[in-house]
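Have a look at the structure below before the remarks.
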Amino acid sequence: MNLFWYDWAGYIGVALVLLAFFLLQERKLQGSSLTYQLMNILGAIGMMLSLCFGSFNLASFIMQVAWLLIGGYGMVRGIKRRRETLELP
């Protein structure tokens, strides 16, 4: 079985998303943490690369775009909250 770089990107992406969810359930990560959001964003990107360069599936691609956008929203929201907390007297 030959695995191409985009196959590895997809496998690593899946591993990142599943690991992030597992660590959230184990309370090792917080849902608003930058690490959690980055793991989800990078995981979605990896899976999108696999879908674009490998065997394309529109439904899966839409799911990953949504995952990426929600993760980006969560990351921006978390950064804003941290800044607001630091600015409070």
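No lab work stands behind these numbers, since they all come straight from the coordinates. Computed from a predicted structure; not experimentally measured. Glycine also receives a Cβ, built like all others from the backbone with ideal geometry; neighbour counts cover every protein chain displayed.
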Open item on the list: Yes or no: the range 21-29 includes at least one residue that is hydrophobic (A, V, I, L, M, F, W, C) and touching a Gly at 6+ places or on another chain (Cβ under 9 Å).
Closed with: yes
- [ ] Go through the range 1-30 residue by residue and tally those that are under 18 Å from residue 64 (Cα atoms) and of a type outside the set (Ser, Thr, Tyr).
- [x] 14
